[in-house]
Every structure is written in structure tokens, then in C-alpha cells.
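Colleague: Can you read through this structure? Questions will come right after.
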Amino acid sequence: MELADVDARWPGAAEPALRGARVRIPAGTHVAVVGPSGGGKSTLVAVLLGALGAERGRVRAPERPAWCPQDPQLVSTTIRENLRLAAPDASDQRLVEALRLAGLPGWGDRLDTPVGAGGSALSGGEAQRVALARALLVADAELVLLDEPTAHLDVPTADALLVRLRRALRDRTVIHVTHRWSETAHADVVLRVEGGEITVVRDADGALIPG
Ligand SMILES: Nc1ncnc2c1ncn2[C@@H]1O[C@H](COP(=O)(O)OP(=O)(O)O)[C@@H](O)[C@H]1O
Ligand SMILES: [Mg+2]
């Protein structure tokens, strides 16, 4: 995956939200992304997702990434149908396994439960975990984009989740946006996005290839 001198601008914005982004990430690397609110972390995710095009430079990324957005974006139907948006043919057993991995063990008997408009019948943390389970169901996604998946979780719950994800996603490239520095311990590489600029904070094993 590679960004080569990328500028990206949201429609109508006066300034690009990402500027001069230059990074090459080998397949299988787990990347933590930190930085202040409004710094451009979700913009980086949008560019890798292909949702926001580069106005300058070149983006190379796998074609069908799995994406867990910062705002869970559930639709007003059952848990099963929300999960099946990612995997229309998935068996209930696969859905239950994804829920377990996302931190909702024992939700097998809630597949028929409606989530309410925009997920309003669930707590923020539950909605986020259903959205995470949905992202984990995208089959064969080489790239998994997780935008603040632990925002509503307490520290021990978040850590347990990240340990499970580390193992379950060991063959995938993972971009994990987080506002908690402690969570960067689970990553191979740490990037910081601030003022639209990306800097490498930690690259202990030399996993990043200089752009
Ligand atoms: N969907 C969007 N449409 C327009 N502007 C956006 C959108 N998402 C983010 N921005 C703008 O891009 C800049 C970076 O925001 P963002 O990438 O969301 O930061 P972070 O995720 O680090 O908090 C901000 O100025 C923000 O207002
Ligand atoms: Mg964000």
C-alpha cells in the first residue's frame, strides 16, 4: 500500500485535509494512527478506502477493503441484516463468530433484534461493536480500516479486543485509528496525522519502506 505525495481535499474545503502524504506500508503490517481531533486521521482512512480521491499524487491500495467507520452507520433493521450487508451469504454461525470477535459474545440469540434508527436501540459501544463485526465479515479483505473502534470501550475491554484482532487479522494489513496512546503497543508501526501531515512515530522493526 502506498501514498506518494498525496494531497486530498474534501469537496468545498479551502485547504486539503491531507498534504504531502508519503508512506509505503508492506502487506501484513499493523499500523496504529494517532493524532489530535481534526488532524486528518479519518481523512487518511477515506483516501485508503477510495472514498476520497487524491487531488495530487498517487494512491495504491487493495481494492475491497473492510471498513469500520468512526460513526457506526447501522441501518434500521435487525442485527443479522446489518451484518449481512458485508456478507450476504454468511451463515448465522459466521455472524455469531464475528460478533464474538468484536466483543459481543453470546449475541447469537439477538440476531433478530432490531437496532433502531441509526442503531439508536443500542448503546454507543454496542453499535460500534456491531459495526466492527460487520467489517470483520468482509471476506478476503487484504486491508482492514478501523476508525476509533475502541472509542466507547473501557481500557481492559479495549485491550482484550485488540489482542483478539491482532491474532484474527495477522495476515491482513490493518490501519487502526486510536486516540489512546497505550493502544499503539498492539501495532508494528505508529503514524501520527496532525494538521494534515503524516509523520512516522515508531517503526521499530523497519517495517515501513521509505517513500
Ligand atoms: N466527510 C467530510 N466532509 C468534509 N470535511 C471533512 C470530512 N471529514 C473530515 N473533514 C475535515 O477534514 C479535516 C480533518 O478531519 P478528520 O480527518 O475527520 O480528522 P480526525 O479523524 O483526525 O479527527 C477537518 O478539517 C474536518 O472538518
Ligand atoms: Mg476521525
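Colleague: Which condition number does R166 fail, the rest of (1) open to solvent by 10 Å² or more (accessible area, probe 1.4 Å); (2) at pLDDT below 95; (3) within 19 Å of the chain's Cα centre (by Cα) being met?
Modeller: (2)
Colleague: Could you please find all residues in the range 141-161 being open to solvent by 10 Å² or more (accessible area, probe 1.4 Å) and either in contact with a helix residue (DSSP H, G or I) (Cβ under 7 Å, 6 or more places away or on another chain) or away from ligand 2 (no atom under 16 Å from the Cβ) (or both)? Even if it seems obvious, please write down each step before you answer.
Modeller: Residues of the range 141-161 open to solvent by 10 Å² or more (accessible area, probe 1.4 Å): 142, 148, 151-157, 159-160.
Correct list: E142, A151, H152, L153, D154, V155, P156, T157, D159, A160.
Colleague: Give A21, A13 a once-over and let me know the one that is touching a residue at least 60 places away in the same chain (Cβ under 8 Å) and assigned by TED's automatic domain parsing to the domain that holds L169.
Modeller: Numbers: A13 fails: touching a residue at least 60 places away in the same chain (Cβ under 8 Å).
Among A21, A13, only A21 is touching a residue at least 60 places away in the same chain (Cβ under 8 Å) and assigned by TED's automatic domain parsing to the domain that holds L169.
Colleague: Looking only at the range 105-121, count how many residues are open to solvent by less than 20 Å² (accessible area, probe 1.4 Å) and closer than 17 Å to P149 by Cα.
Modeller: The qualifying residues number 1.
Colleague: Continuing with this model, one more query. For the structure I just gave you, tell me whether T43 is closer than 24 Å to P149 by Cα and either in the same structural domain as R129 (by TED's automatic domain parsing) or away from ligand 1 (no atom under 15 Å from the Cβ) (or both). Can you show your working first?
Modeller: On the way: closer than 24 Å to P149 by Cα: yes; either in the same structural domain as R129 (by TED's automatic domain parsing) or away from ligand 1 (no atom under 15 Å from the Cβ) (or both): no.
So T43 does not fit the description; no.
Colleague: Which one is nearest to ligand 1 (Cβ to nearest atom) among residues in the range 62-71 that are open to solvent by 40 Å² or more (accessible area, probe 1.4 Å) and part of a loop (DSSP other than H, G, I, E, B)?
Modeller: So the first thing to find is which residues in the range 62-71 are open to solvent by 40 Å² or more (accessible area, probe 1.4 Å), and the list is 63-64, 67, 70-71.
Narrowing the set further to residues that are part of a loop (DSSP other than H, G, I, E, B) leaves 63-64, 70-71.
Details: E63: 22, R64: 21, Q70: 7, D71: 10 Å.
Applying the filter and picking the extreme gives Q70.
Colleague: Taking the residues in the range 1-52 that are assigned to a loop (DSSP other than H, G, I, E, B) and charged (D, E, K, R) as candidates, determine which candidate is most open to solvent (accessible area, probe 1.4 Å).
Modeller: Top of the filtered list is E15.
Colleague: Does the range 72-93 contain at least one residue that is within 16 Å of ligand 1 (Cβ to nearest atom), modelled with pLDDT under 95, under 19 Å from T178 (Cα atoms) and open to solvent by 30 Å² or more (accessible area, probe 1.4 Å)?
Modeller: The answer is yes; a qualifying residue exists.
Colleague: Just checking, which of A32, A46, A98 is within 17 Å of the chain's Cα centre (by Cα), under 23 Å from A158 (Cα atoms) and without any contact (Cβ under 8 Å) to a residue 40 or more places away in the chain? Can you show your working first?
Modeller: Numbers: A32 fails: without any contact (Cβ under 8 Å) to a residue 40 or more places away in the chain; A46 fails: under 23 Å from A158 (Cα atoms).
A98 is the lone residue from the list that is within 17 Å of the chain's Cα centre (by Cα), under 23 Å from A158 (Cα atoms) and without any contact (Cβ under 8 Å) to a residue 40 or more places away in the chain.
Colleague: Hey, another quick one. Any chance the range 176-196 includes a residue that's of a type outside the set (S, T, Y), open to solvent by 50 Å² or more (accessible area, probe 1.4 Å) and part of a loop (DSSP other than H, G, I, E, B)?
Modeller: yes
Colleague: Go through the range 105-149 and give me each residue that's farther than 20 Å from H30 by Cα and among the basic types (K, R).
Modeller: If the condition is that a residue be farther than 20 Å from H30 by Cα and among the basic types (K, R), then R110 is the only one that fits.
The values are calculated or read from the model by the stated rules, or taken from the named source; none is laboratory data. These numbers come from a predicted model, not from an experiment. Heads up, the Cβs are rebuilt from the backbone with ideal geometry, glycines too, and the neighbour counts pull from every protein chain shown. Keep in mind that these areas ignore ligands, DNA and RNA; they rest on the heavy atoms of the full protein, side chains included. Shrake-Rupley method; radii C 1.70, N 1.55, O 1.52, S 1.80 Å.
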